[in-house]
Each structure stands twice: as C-alpha cells, then as structure tokens.
Amino acid sequence: MKNLLLVLALLNITWLSAQVKLPKKEKVTPEIKTFKVNKSSSIKLNQADNIYFDYDVIKGNKLVFDYNFKAKDKESVADDEYRERIVFELENKTKSFVLTGDSLLEAKAYYTRSCFCLYRGNYKINGGSIKGKLVKANMWKVDLDLIITPSPERGGEPFIVKVSGTFKLSNIK
C-alpha cells in the first residue's frame, strides 16, 4: 500500500511539474544602422520658432548624407525605444570633405534623438567635425565626431556623438 501511495505521489508530482509553463523567449528587435546618400536631394528646414524646428529631405541638387540608428528593442519593456538620425548635404561632385564650425551650418547638419529620455528632439550641429572621402563609385567613408549643444531654453549639457561608416548611394528617389 505504501508503495502504491509512493507511486501515485510520484506520478502526481510528475504531472504537476509538466503543467508548469516555461517562460517564452523574449522577443527582441535587433539594432539597425543605415548609412545612405540621397542624390538630387536637399534638406529643407521648417522653423517653428527660435527653439523648435523640423526638417525634410526633398528633391534638390545636392547629395544628402543620412545616418539612422535604431537601438535593439525588447517587446516586454515599455518606452525603451531609441533612435538617432544625422543628416547633412554637400555638392553633387564631392569627392572629399572636412566640415567644422560654419561649414557644418552651411551643410545643414542636423541631429535628431527620438526616445523617452532627456535631450530628445532636433538639434543644429555646430560643433565637432564630419570628415569623409569617396572610396569607390557611390560610396563615401565618413567619420562623424560631433558635439551636440542643447539650446539654453532646453537646458542640459553638451554631449558627444561619434559614428563611422560607409555611406552608399541610395536607389530611392
């Protein structure tokens, strides 16, 4: 009788442990970086006021360099989304360039941070440097070492953004 009870208890424990569901593997969207050059484009500034602005990439006669970064994203975590974008424009025949100071402003260099965090939004890039050269047809090796300065109205300290990559001519447009 004791053996029967022992066997029944073991079967019961086995059955109960089989009913425990293992946690599902968490869905994570991987990190994505893109480096594109849009030919026959331009950057149009949409100035709302002295602090806030937006910009669009439109048809034009320049090369628009467009870097996008999307951080990995866990489906189970709210508000962990994070994106960065850097855009600037140059003349169509550009083979090499160094942008600093006023030339960053002339190139309409902008940085965008999209997140649930401080210092999100659009910024005019006026510090640091962007260096690049044509390495083969329709491909530029570019190093961005930027200082992003929030406007005094927004508060905050300047922060650094460093990115290197090979920008390829996009077939879009």
Within region 71-104, the residues that are out of contact with any strand residue (DSSP E or B) (no Cβ under 8 Å at 6 or more places or on another chain) and among the aliphatic types (A, V, I, L, M) are Val77, Ala78
Picking from Ser129, Ser151, Ser164, the residue that is exposed (fewer than 14 other Cβ atoms within 10 Å of the Cβ), of a type outside the set (Lys, Arg) and modelled with pLDDT of 90 or more would be Ser164
Among the residues of region 25-58, the number that are modelled with pLDDT under 95 and over 21 Å from Tyr123 (Cβ atoms) is 10
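Need at least 2 residues that are hydroxyl-bearing (Ser, Thr, Tyr) and under 16 Å from the mean Cα position of the chain (by Cα) per element, so show me which strands (runs of 3 or more DSSP E) inside region 30-130 make the cut, counting only ones lying wholly within it. Lay out the reasoning, then the answer.
Details: elements: 32-47, 53-59, 62-70, 82-91, 96-100, 110-115, 121-124.
In region 30-130, 110-115 are the strands (runs of 3 or more DSSP E) which contain 2 or more residues that are hydroxyl-bearing (Ser, Thr, Tyr) and under 16 Å from the mean Cα position of the chain (by Cα).
Criterion first (in contact with a strand residue (DSSP E or B) (Cβ under 9 Å, 6 or more places away or on another chain), of a type outside the set (Ser, Thr, Tyr), free of Cβ contacts under 8 Å to residues at least 60 places away in the same chain and not in a loop (DSSP other than H, G, I, E, B)) does Lys141 satisfy it?
yes
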Does Leu118 fit the bill of being hydrophobic (A, V, I, L, M, F, W, C), surrounded by 15 or more Cβ atoms within 10 Å (Cβ to Cβ) and free of Cβ contacts under 8 Å to residues at least 40 places away in the same chain? no
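The values are calculated or read from the model by the stated rules, or taken from the named source; none is laboratory data. None of these values were measured; they are calculated from a predicted model. So basically every Cβ, Gly included, is an ideal-geometry build from the backbone, and we count neighbours across all protein chains shown.
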